[in-house]
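Notes to accompany the following structure.
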Amino acid sequence: MTRLLLLPLLLLSFLSSGAAIQLSPRATVTVLTCSPGTELYSVFGHSALRVTDPGRFDVVFNYGTFEFSDDFYVKFARGKLNYRLSRSSYSDFQYEYIVTGRSIDEQVLDLTLEQRQRIFDFLEENHLPENRFYLYDFFYDNCATRIRDVLNETLGDELVYHSSFAEDSATFRMMIDAYLEPMVWSDFGIDMVLGLPCDDKLQAQENMFLPDFVHSELATATLKGKPLVKESRELLPREVEAEMPAADWPAVLCGLLTLLAIGHTLKYRISGKAGYVVPRLILGVTGLLGVVVFLLWFFTDHSTTKLNFNILWAFPLHLIWVFIVHKESKWRRGYFRTFALINLIFLLTGTFWPQEFHNAAYELSVATLAICLRLGFDASGKNE
């Protein structure tokens, strides 16, 4: 009796390992492209591979799976977040997109049985527990780039891309900005923490870090001179569109802070008295932003948060002055005169730098300049 119970368990284990599953001639390999969602984690869309063998199985291999835990955000911020390749039925995969109103488009690849088997075997091997995890990198190693890499690895040089996307025509930052238009606060935050590497011009196939561009590149690709995609179809229609905000709220808020800082400095110049509430507010905001920039530059594994020149106006040490700014001294005057000059140079030359800055960054730099002028050139020894 025990042996009879063990037999189906052993059979199930053997099949689940994918060790010797041979595809039938009716099997298909397709690429799924899912439309952007309304949450930040889904705003860039999603890609996955589907292998269907009618009457046997219909599975989706998904490189975009992660485990949410208490330290999820800490790992993500430090660049140590592991994603994994998951395998599920198409019906289970589809359910999330039905619920969220996102579309699924499918591209059926024109492959020989041997090529389909090669892709399937590669995915099964990649799904083994010792292989399925990888260190996520938004630009260079994600659910979309993994699809590109699987096809390049298994199909080799016979796969040729005929891209209409010109090299050196766009940067990583420019590419993601288009998707972040409805999410103005996320756009501001991401622009703040991404450094100079994100302004590199994209080279061949690098645009395929976004699912929509995996779709468009495969649509014109050829395999042995024949179109790679033999059929495209919509599996689910898109029912939810992101709503555009009424205003660019970061720019509005930072503009108000700028007006407040300028008004404070003018009041001080006219009356000689203005207090320290506004300077503390501006220095607190820019100091906190500077701490974030500093930590992501020097204390994470993210390659794209290095060399971030937002630190010129959002400087971490501004935060210390929140507590001692009322203590007039030659050190205070020297510090703020230095940063008045730095901010002035940034404002005059920022548009010519290789790094692109958010509009709100210029506004906060103006606010910082106004406060630096007030604190760096106030009357020596004046008691307020």
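The values are calculated or read from the model by the stated rules, or taken from the named source; none is laboratory data. Predicted, not measured: the structure shown is a model, and the values here were computed from it. All Cβ positions, even for glycine, are placed from backbone atoms using ideal geometry, and neighbour counts span all protein chains on display.
Data table
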item: Unique residue being over 30 Å from residue 82 (Cα atoms), surrounded by fewer than 17 Cβ atoms within 10 Å (Cβ to Cβ), of a type outside the set (Gly, Ala, Ser) and in the same structural domain as residue 260 (by TED's automatic domain parsing) when the list is 344, 369; result: 344
item: Scan of the stretch 56-67 for residues that are part of a loop (DSSP other than H, G, I, E, B) and free of Cβ contacts under 8 Å to residues at least 24 places away in the same chain, ordered by number; result: 67
item: Filter result for residue 317 (out of contact with any strand residue (DSSP E or B) (no Cβ under 6 Å at 6 or more places or on another chain) and under 21 Å from residue 191 (Cβ atoms)); result: no
item: Residues being of a type outside the set (Phe, Trp, Tyr) and exposed (fewer than 15 other Cβ atoms within 10 Å of the Cβ) - total across the stretch 93-134; result: 11
item: Matching helices (runs of 4 or more DSSP H) fully within the stretch 297-384 where at least 3 residues are over 30 Å from residue 177 (Cα atoms) and in contact (Cβ under 8 Å) with a residue 40 or more places away in the chain; result: 330-349, 359-376
item: Any chance residue 292 is surrounded by 14 or more Cβ atoms within 10 Å (Cβ to Cβ) and not acidic (Asp, Glu); result: yes
item: Index of the failed condition, residue 134 passing every other in (1) more than 15 Å from residue 34 (Cβ to Cβ); (2) assigned to a helix (DSSP H, G or I); (3) under 19 Å from the mean Cα position of the chain (by Cα); result: (2)
item: Count of residues meeting criterion [assigned to a helix (DSSP H, G or I) and within 26 Å of residue 310 (Cα to Cα)] in the stretch 267-290; result: 14
item: The stretch 168-223, subset of a type in the set (S, T, N, Q) and assigned to a strand (DSSP E or B), residue farthest from residue 245 (Cα to Cα); result: 222
item: Test: residue 13 is over 26 Å from residue 213 (Cα atoms) and either in a loop (DSSP other than H, G, I, E, B) or modelled with pLDDT of 95 or more (or both); result: no
item: In the stretch 196-226, residue surrounded by the most Cβ atoms within 10 Å (Cβ to Cβ) [restricted to those that are touching a His at 6+ places or on another chain (Cβ under 9 Å) and under 19 Å from residue 154 (Cα atoms)]; result: 217
item: Enumeration of residues in the stretch 19-54 that are in a loop (DSSP other than H, G, I, E, B) and either among the aliphatic types (A, V, I, L, M) or more than 24 Å from the chain's Cα centre (by Cα) (or both); result: 19, 20, 21, 22, 23, 24, 25, 26, 27, 43, 54
item: Residue 227 vs. criteria in contact (Cβ under 8 Å) with a residue 24 or more places away in the chain, over 25 Å from the mean Cα position of the chain (by Cα) and outside the structural domain of residue 314 (by TED's automatic domain parsing); result: yes
item: Tabulated pairs, the stretch 234-263, first surrounded by 13 or more Cβ atoms within 10 Å (Cβ to Cβ), second acidic (Asp, Glu), C-beta under 6 angstrom, 6+ apart or interchain; result: 235/106; 254/363; 255/363; 258/363
item: Matching option when the condition is touching a residue at least 60 places away in the same chain (Cβ under 8 Å) and farther than 23 Å from residue 49 by Cα, among 128, 194, 155; result: 194
item: Condition broken by residue 382, with the remaining ones in (1) outside the structural domain of residue 265 (by TED's automatic domain parsing); (2) of a type outside the set (Val, Ile, Thr); (3) modelled with pLDDT of 95 or more satisfied; result: (3)
